[in-house]
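Trainee: Here it is, the structure, as structure tokens.
The values are calculated or read from the model by the stated rules, or taken from the named source; none is laboratory data. As the structure is a computational prediction, the values presented were derived from the model and not from experiment. Backbone-built Cβ (ideal geometry, glycine too); neighbour counts: all protein chains shown. Just so you know, the surface numbers come from the protein's heavy atoms only, side chains and all, with ligands and any DNA or RNA stripped out. Shrake-Rupley method; radii C 1.70, N 1.55, O 1.52, S 1.80 Å.
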Amino acid sequence: MSETRQGPQPLDPAGSGQPAPSMAGLRCLVLGGGGFLGLNLCNRLAAAGAEVTCFSRSHIQSEVLDRRVARVTGQFADRLAIANAVERQDVVFHLIAGSIPESSNRDPSAELAAAPIATLHLLEICRSARIRKLVFSSSGGAIYGIPRAIPIPEQAPTDPISAYGIGKLMIEKSLHLYRHLHGIDYQILRIANPYGRFQLGTKHQGLIGSYIHRVLLGLPLEVWGTGEVVRDFLHVDDVSDAFLAAVSYDGPHKVLNVGSGRGLSVNQIIAELEVAFGRDRLPCIHKPSRAADVPANVLDTALIRSELDWQPRVALREGLISTIAWMRAHLAEIGAGAAAPHPAREG
């Protein structure tokens, strides 16, 4: 395990640009900080004045992460490494995922023996360390399963059709248990389909990131089924805003959806990408539908809008153009595997 901390620097120009609530002096640990969401969150927290520690299983290149952020490497299953990282923290952000919905169904027992069990050990450590709050990144896409109505409110049935979603639900229930038994405060954010900088598009998760990457490489887009599967997409800056707002929230709602509230089919995303790239047509290849894909998933965001005064700010067209620009600038690094480690899997 290693740790470094360097002097302050201005916010990375690739950062959010959104006004950040002051979190001066708040000690924050981001588990899965080397992932797509984690890197963005670490930089956002540092910009807001927090003392941030990024916990990642692999080394992170210095130019990716704000130099004010301490870097710690270790495995989530290593209890000693987690205990050392949690010590003296105020807030813990749990962004570590197991795998992805499709692959999780190939070996459900492995999926359910990994992150959920390690999270129980984390909760025991947090209880002993008396942390102030734990914020968990859950899945707004996988946890509800096939919805009975669209948009999906937080109180909708949770019937995942992937072991990935079941694992997320197990962690949610464990948080509830530890609050009931030990008073640990927590907040669950059920996040839709985020995209943006640091999503490399090479790890079979993140449709927009994957599509942008393939276009830049001159490859056809892979469409599973007819392309009429509907999803809820939002920019990673809006997700980071929700994480920061959740830290100070002390209301009664422990589960909040984080999404755009707008559903778009895969075919509509392809059309938007054609506009963003200035192309008349992007070539596609069609493949059979996947069992882990629900036909539609759009989150009801009325609760988070009223409770946290949060709403998505980045328009899709603007977000696509900025994401294309970021990936084009970093394409050589992505191809060489030199960017952030496994961003789609950790975060």
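Trainee: Ranked from the most accessible area to the least, with a 1.4 Å probe and all protein chains present, what is the order of Met170, Met327?
Mentor: The residues order as Met170, Met327, largest area first.
Trainee: So how do Glu272, Glu51, Glu228 rank on accessible area, 1.4 Å probe, biggest first, that is with the largest at the start?
Mentor: On the way: Glu272 40, Glu51 90, Glu228 110 Å².
Descending order: Glu228, Glu51, Glu272.
Trainee: Still on this structure, please answer the following. Under 8 Å for C-alpha pairs, at least 6 residues apart: give me the relative contact order for the range 21-148, rounded to a whole percent. Spell out each step's value before the answer.
Mentor: Details: 197 pairs, mean separation 30.9, N = 128.
For the range 21-148, the relative contact order is 24 percent.
Trainee: Tally up the carbon and sulfur contribution to the accessible surface of the chain as a whole percent, 1.4 Å probe, everything protein left in place.
Mentor: Its accessible area is 51 percent carbon and sulfur atoms.
Trainee: Return a whole-number percent for the relative contact order of the chain, with Cα pairs under 8 Å and 6 or more residues apart as the contact set.
Mentor: Answer for the chain is 21 percent.
Trainee: Classify the range 54-134 as rounded, prolate or oblate from the Cα gyration tensor: take a ≥ b ≥ c as the square roots of its eigenvalues, call it rounded if a/c is under 1.5, otherwise prolate when a/b beats b/c and oblate if not. Intermediate results must be reported in sequence, preceding the final value.
Mentor: Values: a/c = 2.29, a/b = 1.26, b/c = 1.83.
Here the range 54-134 falls in the oblate category.
Trainee: Looking at [x] 1.15; [y] 0.94; [z] 0.96, which value of Rg/Rh (Cα atoms, Kirkwood Rh) comes from a calculation on the structure shown?
Mentor: Only one listed value fits the structure, namely [y].
Trainee: On to the next question. Taking 0.36 nm per residue of separation and subtracting the Cα-Cα distance, what length does fully extending Glu222 through Asp280 add?
Mentor: 19.1 nm
Trainee: Taking the Cα atoms of the range 141-188 alone, what are Rg (to one decimal) and Dmax (as a whole number) in Å?
Mentor: Values for the range 141-188 (Cα only, Rg and Dmax): 12.2, 36 Å.
Trainee: Sorting Thr158, Thr53 by accessible area (1.4 Å probe), largest first, what list results?
Mentor: Thr158, Thr53
Trainee: Over the chain, average the accessible area per residue using a 1.4 Å probe and give it in Å², no decimals.
Mentor: Per residue, the chain has an accessible area of 42 Å².
Trainee: Using alpha-carbon positions, what is the distance between the centroids of the range 171-186 and the range 250-280, in Å?
Mentor: 31
Trainee: Within the range 80-136, which GluC sites (Glu not before Pro) sit in a loop by DSSP and count at most 13 neighbouring Cβ atoms inside 10 Å? Please list the in-between numbers first.
Mentor: Values: sites: Glu87, Glu102, Glu111, Glu124; in loops: Glu87.
Answer in residue order: Glu87.
Trainee: Within the chain, which DSSP H helices have Cα atoms that stretch 18 Å or more along the helix axis and a mean Kyte-Doolittle hydropathy of at least -1.0?
Mentor: Membrane-span-like by this criterion, though nothing is claimed about a membrane: 115-129, 163-182, 236-248, 316-329.
Trainee: Let me ask something else. Cross-link candidates for Lys133: which aspartates and glutamates have Cα within less than 19 Å, leaving aside residues fewer than 8 places away along the same chain?
Mentor: Glu51, Glu87, Asp90, Glu124, Glu172, Asp185, Asp241, Asp250, Glu307
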